[in-house]
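Quick notes on the structure that follows.
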C-alpha cells in the first residue's frame, strides 16, 4: 500500500531545509572534485525544479534559472578561502565552514528567488500521521 501511494500519490513538495542540506552537499562535493580556487571562480545556480548546479564558468542567462550566485561574491566563501590559505584544511574545519557557507548561499538564493522564499521552511509530517492512525 505504501509503495502504491509513493508511486501514484501526490509528489512531496521540497522545502528550504532540504535545499540547504543539498547546498552543503554540493559545496563539499565540488571542493573535493575541483579544489578551492576553481570553486571560488564558479557559480551556483538554482533551477525551476529547485535543483542546484555548479558551473566553473559563468552560465548563459536562461528562463529556467531562479537564482544565480557567483561563489566569490559570498562573504563566507572569502572567509573560508582566507582560513584555508593561512592554516590549511581538515575535516572539522571543512564541516564548520560548509555549514556557514550553506547558510550564506541560502540567504543569497532566497534574496534572488521569490519561489524559494515561498517554499515551506521545513517538512510537515502530516502524511505519515495518516498511515499511523
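Here, each number is a calculation from the coordinates, and none is a lab measurement. Note that the structure is a prediction, hence the values are computed from the model and not measured. All Cβ positions, glycine included, derive from the backbone under ideal geometry; neighbour counts span all protein chains shown.
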Query - Ranked list, fewest to most other Cβ atoms within 10 Å of each Cβ, for 93, 98 - result: 93, 98
Report task. Report the full-extension gain for the segment residue 90 to residue 78: residue separation times 0.36 nm, less the Cα-Cα distance, to one decimal in nm. Result -> 2.6 nm
**Report entry** Dmax and Rg, reported as Rg then Dmax, of the stretch 57-104 (C-alpha, Å)
**Finding:** 13.5, 41
Query raised in the report: Which distance in nm do the two modelled labels at residue 25 and residue 64 give, with both placed 7 Å along the Cα-to-Cβ direction?
Result: 2.0
Query raised in the report: How large is Rg over Rh for the stretch 12-113, taking Rg from the Cα atoms and Rh as the Kirkwood inverse mean of 1/r across Cα pairs?
Result: 0.96
Query raised in the report: Highest GNM mean-square fluctuation, the chain, Cα pairs closer than 10 Å: which of 88, 104, 35?
Result: 88
